[in-house]
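FYI, it's all coordinate maths here, none of it is from the lab. Model, not experiment: these values are computed from the prediction. Ideal geometry is used to build each Cβ from the backbone, glycine not excepted, and the neighbour counts take in all protein chains shown.
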């Protein structure tokens, strides 16, 4: 049984689960067009995650995935955090503010407890995916027993093999072109493999299905990935501009006006690809100290961005985007899905 049959979808197109950007409306629009919609719930509370899942289920009868973070908990390192706070003080001073005195762990991990697991078992989405690592073995087994399809992002062969050995159903092959956070298990080890190379590498050594993610913006690129052995493709950046996404006006405008990206760990504490902005100009300097761990650094970045936006500066926002963002098109989700399908069939 192939991916389309297992997920009960018509087209091999997944919406990438983008925390903070994905919405029930966007997920449902993609699912209703025959793809696999998604909800990025890694930054949500259990209550907010439940609300989003139930709303999506009310908007579509079709399958969609939910996504959580599986990062290894980082112990609080007050010394490292303090050094990072001091480094960011000049940026806060630009907005007549002092840097905060401490940082908080704002995002829980799926590994921390079973609250999110129980939510998934309760609401029964068709599929659940994970970023930054693999759930505990007992968590995987409970998801399998419930008939929920499991997926985990891999950025290299070692991660892909670990995913397969853990009994996960599908590997999301995330190439270095992908927007947003790199799915690397260890934030200090990134092979930076391109999407098409990663597909071929994983297909050679792993047996479970592979979904290609990273730099795919149109049907021609999607078809290339399928021809290399991927069973489906996952697109995120292409859908950020849709009116049903949660991206703000500054984010949407920047996608079209400044389509150049780079990977930085300065915003969140983990490497992530986004549009070049003030972080590249003022923070990622050659003498920059080590960034505070994820998600402590993200707490500080969000506070700085909120302060800046209040004073009319949007350049500190985390505008995640893939390396091929210059190919972005202004289309609503339904029209974009139709265009992707047309291009895939023509190529």
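What the table below lists for this structure:
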{"quantity": "Beta bridge orientation in the chain: antiparallel %, DSSP, nearest 5", "calculated": "20 percent"}
{"quantity": "Whole-number percent relative contact order across the chain, with pairs defined as alpha carbons under 8 Å at least 6 apart", "calculated": "19 percent"}
{"quantity": "At R0 = 35 Å, FRET efficiency that the Cβ-Cβ distance of residue 192 and residue 106 yields, to 0.05", "calculated": "0.85"}
{"quantity": "Candidates 287, 102, 299: whichever shows maximal mean-square fluctuation once the chain is modelled as a Gaussian network with Cα springs under 10 Å", "calculated": "287"}
{"quantity": "Potential extension, residue 161-residue 79 segment - 0.36 nm per residue separation minus Cα distance", "calculated": "25.9 nm"}
{"quantity": "Projected label distance in nm at residue 281 and residue 138, using a 7 Å step from Cα toward the beta-carbon", "calculated": "5.1 nm"}
{"quantity": "Share, in percent, of DSSP beta bridges within region 188-347 that are antiparallel, nearest 5", "calculated": "60 percent"}
{"quantity": "Centroid-to-centroid separation of region 206-266 and region 62-124 [C-alpha atoms, Å]", "calculated": "24 Å"}
{"quantity": "Ranked list, fewest to most other Cβ atoms within 10 Å of each Cβ, for 341, 267", "calculated": "341, 267"}
{"quantity": "Residues 237, 155, 306 arranged by fewest to most Cβ contacts within 10 Å", "calculated": "306, 155, 237"}
{"quantity": "Residue of 69, 130, 95 that the Gaussian network model of the chain assigns the largest fluctuation, springs spanning Cα pairs under 10 Å", "calculated": "95"}
{"quantity": "Stretch gain in nm, segment residue 8-residue 95, where the contour uses 0.36 nm per residue and the Cα spacing is subtracted", "calculated": "26.2 nm"}
{"quantity": "Sorted by Cβ neighbour density within 10 Å, fewest at the top, the residues 302, 243", "calculated": "243, 302"}
{"quantity": "Given (1) 30.1; (2) 16.2; (3) 19.8, the label whose value is mean projected area of the Cα convex hull in nm² derived from this model", "calculated": "(2)"}
{"quantity": "Nearest-ten-degree value, helix 46-59 long axis tilted from longest Cα axis of the chain", "calculated": "40 degrees"}
{"quantity": "Mean Cβ neighbour count within 10 Å, used as a protection proxy, ranking 16-24, 73-81 highest first", "calculated": "16-24, 73-81"}
{"quantity": "With Cα atoms, 0 to 90° folded angle of helix 78-93 axis to the chain main axis", "calculated": "70 degrees"}
{"quantity": "Acute angle (nearest 10 degrees) that the helix 333-346 long axis makes with the longest principal axis of the chain, alpha-carbon atoms", "calculated": "60 degrees"}
{"quantity": "Contact order relative to length of region 154-289, as percent, for alpha carbon pairs under 8 angstrom and 6 or more apart", "calculated": "22 percent"}
{"quantity": "Distance-filtered residues of region 15-44 - backbone nitrogen under 17 Å, label point 7 angstrom along residue 329 Cα→Cβ", "calculated": "15, 30, 33-35"}
{"quantity": "Residue-averaged 222 nm ellipticity for the chain, from DSSP H runs of 4+ at -39500 (n - 2.57), nearest 500", "calculated": "-11500 deg cm²/dmol"}
